[in-house]
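The values are calculated or read from the model by the stated rules, or taken from the named source; none is laboratory data. In this text the structure is predicted, and so the values were computed from the model without any measurement. In this analysis, Cβ positions are derived from the backbone assuming ideal geometry, glycine residues included, and neighbour counts consider all displayed protein chains. In case anyone asks, the SASA skips ligands and DNA or RNA and just uses the protein heavy atoms, side chains included. Shrake-Rupley method; radii C 1.70, N 1.55, O 1.52, S 1.80 Å.
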Amino acid sequence: MEYKKLGEIADIFTGARISRYQKGNMKKQPVIKRTLSDDYQIDYEMEDVSIELNSKFYSKKDDILVLLAGSNTITKMEHEGYIIPMAYAIVRVKEGYDPDFVYHLLKSEIFPRELNKLIEGSTLKIIKTSYLQEMKLPLIEYEKQKEYGKILRLMDCRIKLLRQTI
């Protein structure tokens with residue numbers, strides 16, 4: 001097992017400042033309002049947003065969203081085409097690393113422990129993308145990441161189905 005910084009294995013950037021893109025040639029588009037980490041659900045609203053918005057701000061399958069203020073809400077996107085606002089950091093895992101494995105590492109106790117090493121005091125925790133880039137994660141070889149990621153994803157699906165049944 002080796003440790004790598006999250007910035008080495010993923011592209012990390014904040015979402016779009018929607019107010020900057022609400023002029024000119026606009027179209028109604030889904031904008032994320034809230035994410036719920038446990039079951040991949042998102043709340044969104046249709047808003048008028050410029051069609052010139054950079055495509056990097058639209059969700060892609062396997063994007064990992066980290067809420068930058070308040071709580072350690074981490075969500076893995078299953079849907080594409082939603083606009084991600086600046087309240088979130090977007091973590092796009094690079095090729096050669098399994099997004100499900102990285103997502104579950106970030107959902108584990110590793111995330112708050114590593115984050116506490118990087119964040120300076122204050123009762124309201126504000127996460128900067130630079131903190132995320134410096135966060136060190138324990139990684140195993142890619143084939144094992146894929147195996148563990150698949151098992152963890154199946155467990156998440158089972159939990160989701162059980163919640164829906166209840």
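Things to note:
- Per the listing Asp43, Asp39, the residue uniquely in a loop (DSSP other than H, G, I, E, B) and at pLDDT below 90 is Asp39.
- A single entry from Gly81, Gly121, Gly96 fulfils the requirement of being at pLDDT below 90 and either of a type in the set (Gly, Ala, Ser) or in contact with a strand residue (DSSP E or B) (Cβ under 8 Å, 6 or more places away or on another chain) (or both): Gly121.
- The listed residues are Ala89, Ala69, and the only one of them that is within 24 Å of Asn116 (Cβ to Cβ), small (Gly, Ala, Ser) and out of contact with any helix residue (DSSP H, G or I) (no Cβ under 7 Å at 6 or more places or on another chain) turns out to be Ala69.
- Residue list for region 75-91, restricted to those being in contact with a Ser or Thr (Cβ under 8 Å, 6 or more places away or on another chain) and either over 14 Å from Thr14 (Cα atoms) or open to solvent by 30 Å² or more (accessible area, probe 1.4 Å) (or both): Thr75, Met77, His79, Glu80, Gly81, Tyr82, Met86
- Condition broken by Lys60, with the remaining ones in (1) assigned to a strand (DSSP E or B); (2) modelled with pLDDT of 95 or more satisfied: (1)
- Residue match in region 92-103 (condition: under 22 Å from Asp43 (Cβ atoms) and open to solvent by 80 Å² or more (accessible area, probe 1.4 Å)): no
- Unmet requirement for Asn116, which otherwise passes all of (1) over 14 Å from the mean Cα position of the chain (by Cα); (2) surrounded by 13 or more Cβ atoms within 10 Å (Cβ to Cβ): (2)
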